[in-house]
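**Student:** Below you will find the structure I want to go over with you.
The values are calculated or read from the model by the stated rules, or taken from the named source; none is laboratory data. Note that the structure is a prediction, hence the values are computed from the model and not measured. Neighbour counts run over all protein chains shown; Cβ positions are idealised from the backbone, glycine included. The accessibility values were calculated without ligands, DNA or RNA, using every heavy atom of the protein model including side chains. Shrake-Rupley method; radii C 1.70, N 1.55, O 1.52, S 1.80 Å.
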Amino acid sequence: MKRSLKTTTLLLGSGAALFLLFNTMQGCRPQTTQAAVTGEAGSKTYVKPGSYDEFYNFVSGGFSGQLSVYGLPSGRMLRNIPVFSVNPESGWGYSEETKPMLMTTHGFIPWDDSHHPELSMTDGVPDGKWCFINGNNTPRIALVDLGTFRTKSIIEIPNCAGNHSSPFTTPNSEYVISGTRFSIPMGTDTERDVPIESYRENFKGTVSFIHPEPESGKMSIAFQIITPGMNFDLSHTGKGPSDGWFFFSCYNSEQAYSLLEVNASQRDKDFIMAVNWKKAEEYAKAGKGRKVPVEYYSNWYNDETHTGESTVMKEVLQLDPRELTDLVYFMPCPKSPHGCDVDPTGEYIVGSGKLAALIPVFSFTKIQAAIAAKDHDGDFMGIPVLKYESVLHGEVKKPGLGPLHTEFDANGNAYTSMFVSSEIVKWSLKSLEVLDRVPTYYSIGHLCVPGGDSKKPWGKYVIAYNKITKDRFLPTGPELAQSAQLFSIEGDKMELLLDFPTIGEPHYAQALPAELVKPREVKFFDINKNKHPYLAKGESETRIERKGNEVHVWMTTIRSHFTPDNIEGVKVGDEVYFHITNLEQDWDVPHGFAIKGAATAELLIMPGETQTLKWVPDQVGVVPMYCTDFCSALHQEMQGYVRVSPAGSKVELKAETRSVDAGS
């Protein structure tokens, strides 16, 4: 049904009035904090040359589709890890070995929108093994190996649209969850081809439980839970007493499908969805539920063959909470909840209603009591709704404007980002009193305390990730750098220490002590364990071979030459595959490879690794190739030529390097 212009005007007017009311509320604006660093703040972020930062900070790249790594407290950027987007710096998505990693049922997708990093955990504490991150647009979840700082595994999520509510892990990373942002019709072509106005009848959501194999990192979907049609935003797992449960924020309980900024903001309360995942796992193992046909890709990078492998899965197990009635419960939460966070003890669940003037804190003990007593306030689409007053620990009054996300320290304090009033608010989980507030510049989204969503926050800092940075850095045209801001939380009052620019739009981030990651670092790949089918372990194993119009070159690199470096007999229209093995066995000695006119990118090959560049020459001539990564004093001399003759030419195919080492 179309909404009348008059009604829409009234709703928008009400929204504006609410905003003005918020802006006039006492206690909603920061009043006690500074706008710039003071005193000795600068010295607290100085990391002298030759010294290391204390923490790794993994920050999502937003619409860059990548994952950035910063050191804290310096704010120095260490790496930008390609995940869902091709990257010419490393050849990710351009080399033949990495192309399979970006395969989906829609074909090769070289871009995505990455929002939330999530560190793997052991007993509810980040363990420095993996970092997961979501692809929001074409629903995918990636696993980044912190031994190599490379993407190890990517899984596509079926029956999902807008993979926003992910990836969040169980306390031992048994599962990584993915909740759909958009509900959609599912099933056969006929079942999916329905009028949009049949949203309430035909649209459903899903929550997927993905299992990463502990040793290999390969991922598969263990089961999905079907949910009523609405929008699922964020999530966190329970811990301690609430281990075995997941909590999801849900909005659009109005089940609107047009102009959601008005139509999905009608009700005073939407929901937090509580999911008993231990019970779901039990049902899945018992064969409950229904296997439905789907297709999804699970891509995995084999470190022995240095090559991505794709597996296409054909079905998924779905559990329906309307039939398995002890799986899912709703808890009312004001209003349009976004963040959904669980404190380190596992007792308190914090909902952050974007349009709410308070922060509700729920008690896991009370939730369990309400479930046991069937203390319901009706149901929503067949799912029980627990009474708000029965599950509430309490409310934080007048915390600020636009609460989004909450992280925690180890001392019973919570830190909530306030998007509208651009501030971080510190409050007590016990008393629910606001203790401090600091302004951010500007429009903070997520925030991060090292370990701040785990059982063991390391505290020390809270980092703000801001959407707008006017006046904080040198201008760069109409598009300004986005930013992070580092605050000390060691004292009673938060203290601004540092601003640093970030790549893309930083959404969520996580941080952990560097000492948990450093011992795992891979320095180079053992060439004796390299099982790439086109490996050349030494210069004597290099060669060239024609297979129809394919030309395969077994090539090696070592400071400071290629073998072979002169190739003849290639013809216009051939598909030339340069299989290049880096013979170096030393830390941080990559070699690059590029050839004039290649339609892809360069390669960046790590010591002991084999990578392949495909090149189709389209012009007659002698074409230079060269190393792109400055590798030695004679890096500039690391070059070669490929002679390209006309199609049908009889020029002999040969390759050689005229050097003493190559024996010619």
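**Student:** As an exercise: evaluate V194 against (1) touching a strand residue (DSSP E or B) at 6+ places or on another chain (Cβ under 7 Å); (2) under 21 Å from P228 (Cα atoms) and give the number of the one condition it does not meet.
**Tutor:** (1)
**Student:** Also, quick follow-up: Among the residues of region 536-573, how many are open to solvent by 20 Å² or more (accessible area, probe 1.4 Å), among the β-branched types (V, I, T) and under 18 Å from P624 (Cβ atoms)?
**Tutor:** Going through region 536-573 one residue at a time, the tally reaches 2.
**Student:** Take the residues in region 291-332 that are hydrophobic (A, V, I, L, M, F, W, C) and part of a loop (DSSP other than H, G, I, E, B); name whichever of them is surrounded by the most Cβ atoms within 10 Å (Cβ to Cβ).
**Tutor:** L327
**Student:** Can you tell which of G205, G162, G179, G187 is in contact with a Lys or Arg (Cβ under 6 Å, 6 or more places away or on another chain) and either touching a residue at least 12 places away in the same chain (Cβ under 8 Å) or charged (D, E, K, R) (or both)?
**Tutor:** None of the other options fit; the residue is G162.
**Student:** Looking at (1) surrounded by 18 or more Cβ atoms within 10 Å (Cβ to Cβ); (2) more than 29 Å from P117 (Cβ to Cβ); (3) of a type outside the set (A, V, I, L, M, F, W, C), find the lone condition where S258 falls short.
**Tutor:** Of everything listed in (1) surrounded by 18 or more Cβ atoms within 10 Å (Cβ to Cβ); (2) more than 29 Å from P117 (Cβ to Cβ); (3) of a type outside the set (A, V, I, L, M, F, W, C), S258 misses just condition (1).
**Student:** Taking the options F408, F380, name whichever one is of a type outside the set (A, V, I, L, M), within 22 Å of G346 (Cβ to Cβ), out of contact with any helix residue (DSSP H, G or I) (no Cβ under 7 Å at 6 or more places or on another chain) and in contact (Cβ under 8 Å) with a residue 60 or more places away in the chain.
**Tutor:** After ruling out the rest, the residue left standing is F408.
**Student:** Tally up the residues in region 358-380 that are surrounded by 16 or more Cβ atoms within 10 Å (Cβ to Cβ) and either part of a helix (DSSP H, G or I) or on the phi > 0 side of the Ramachandran plot (or both), please.
**Tutor:** Count: 5.
**Student:** A further question follows. Which residues, counting only those in region 122-139, are closer than 24 Å to D233 by Cα, more than 9 Å from the chain's Cα centre (by Cα) and not small (G, A, S)?
**Tutor:** Hits for region 122-139 are V125, P126, W130, N137, T138, P139.
**Student:** Output the residue which, of all residues in region 333-357 that are among the hydroxyl-bearing types (S, T, Y) and outside any loop (DSSP other than H, G, I, E, B), is most open to solvent (accessible area, probe 1.4 Å).
**Tutor:** Y348
**Student:** What's the total number of residues in region 549-582 that are of a type in the set (A, V, I, L, M, F, W, C) and either closer than 17 Å to G621 by Cβ or not in a strand (DSSP E or B) (or both)?
**Tutor:** Qualifying residue count for the region: 5.
**Student:** Can you pull out the residues in region 596-623 that are part of a strand (DSSP E or B) and surrounded by 19 or more Cβ atoms within 10 Å (Cβ to Cβ)?
**Tutor:** Across region 596-623, the qualifying residues are L603, L604, I605, T610, Q611, T612, L613, W615, V623.
**Student:** Would you be able to say whether some residue in region 487-510 is open to solvent by 30 Å² or more (accessible area, probe 1.4 Å), in a strand (DSSP E or B) and of a type in the set (D, E)?
**Tutor:** yes
**Student:** For region 101-136: of the residues being of a type outside the set (A, V, I, L, M, F, W, C) and farther than 24 Å from N57 by Cβ, which is most open to solvent (accessible area, probe 1.4 Å)?
**Tutor:** H106
**Student:** Here is a follow-up. Counting just the residues of region 635-662 that are part of a loop (DSSP other than H, G, I, E, B), open to solvent by 70 Å² or more (accessible area, probe 1.4 Å) and under 22 Å from S540 (Cα atoms), which one comes out modelled with the highest pLDDT?
**Tutor:** The qualifying residue modelled with the highest pLDDT is E652.
**Student:** I've got another one for you. Residue check, H211 against (1) open to solvent by 20 Å² or more (accessible area, probe 1.4 Å); (2) not in a strand (DSSP E or B), all met but one. Which one?
**Tutor:** (2)
**Student:** Going through region 391-409 one residue at a time, which ones are under 13 Å from W427 (Cα atoms), of a type outside the set (G, A, S), over 24 Å from the mean Cα position of the chain (by Cα) and part of a strand (DSSP E or B)?
**Tutor:** Correct list: E395, V396, K397.
**Student:** What number of residues within region 469-497 are within 25 Å of W427 (Cα to Cα) and either out of contact with any strand residue (DSSP E or B) (no Cβ under 9 Å at 6 or more places or on another chain) or not basic (K, R) (or both)?
**Tutor:** 14
**Student:** Does region 226-248 contain at least one residue that is in contact with a helix residue (DSSP H, G or I) (Cβ under 6 Å, 6 or more places away or on another chain), open to solvent by less than 10 Å² (accessible area, probe 1.4 Å), part of a strand (DSSP E or B) and in contact (Cβ under 8 Å) with a residue 40 or more places away in the chain?
**Tutor:** Yes, there is a match, as at least one residue in region 226-248 is in contact with a helix residue (DSSP H, G or I) (Cβ under 6 Å, 6 or more places away or on another chain), open to solvent by less than 10 Å² (accessible area, probe 1.4 Å), part of a strand (DSSP E or B) and in contact (Cβ under 8 Å) with a residue 40 or more places away in the chain.
**Student:** Is it true that S90 is open to solvent by less than 10 Å² (accessible area, probe 1.4 Å), assigned to a loop (DSSP other than H, G, I, E, B) and under 18 Å from T628 (Cα atoms)?
**Tutor:** Considered against the rule, which asks whether it is open to solvent by less than 10 Å² (accessible area, probe 1.4 Å), assigned to a loop (DSSP other than H, G, I, E, B) and under 18 Å from T628 (Cα atoms), S90 comes out as no.
**Student:** Tally up the residues in region 258-290 that are hydrophobic (A, V, I, L, M, F, W, C) and either farther than 23 Å from K387 by Cα or assigned to a helix (DSSP H, G or I) (or both), please.
**Tutor:** Total satisfying the criteria: 7.
Residue by residue, here is whether (1) open to solvent by less than 20 Å² (accessible area, probe 1.4 Å); (2) more than 30 Å from I109 (Cβ to Cβ); (3) at pLDDT 65 or above holds:
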| site | (1), (2), (3) |
| --- | --- |
| L12 | no, yes, no |
| L18 | no, yes, no |
| T38 | no, yes, yes |
| F55 | yes, yes, yes |
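**Student:** Any residue in region 524-539 that's of a type outside the set (V, I, T): show its pairings with residues that are part of a helix (DSSP H, G or I) at Cβ separation under 7 Å, as long as the two are six or more apart or on different chains.
**Tutor:** Matching pairs, first to second residue: K537/I527.
**Student:** Looking at Y70, is it of a type in the set (S, T, Y), surrounded by 24 or more Cβ atoms within 10 Å (Cβ to Cβ) and at pLDDT 95 or above?
**Tutor:** Yes.
**Student:** Another question, then. Go through (1) without any contact (Cβ under 8 Å) to a residue 40 or more places away in the chain; (2) within 17 Å of T556 (Cα to Cα); (3) in a loop (DSSP other than H, G, I, E, B) and name the single condition C631 misses.
**Tutor:** Answer for C631: the failing condition is (1).
**Student:** Restricting to region 160-182, what's the tally of residues that are under 16 Å from Y297 (Cα atoms) and surrounded by fewer than 24 Cβ atoms within 10 Å (Cβ to Cβ)?
**Tutor:** Number of matching residues: 1.
**Student:** Which residues, counting only those in region 511-548, are outside any strand (DSSP E or B), in contact with a Leu (Cβ under 6 Å, 6 or more places away or on another chain) and over 22 Å from P82 (Cα atoms)?
**Tutor:** The answer is none; no residue qualifies.
**Student:** Then there's this: Out of region 439-478, which residues are over 20 Å from H115 (Cα atoms) and charged (D, E, K, R)?
**Tutor:** K455, K456, K460, K470, D471, R472
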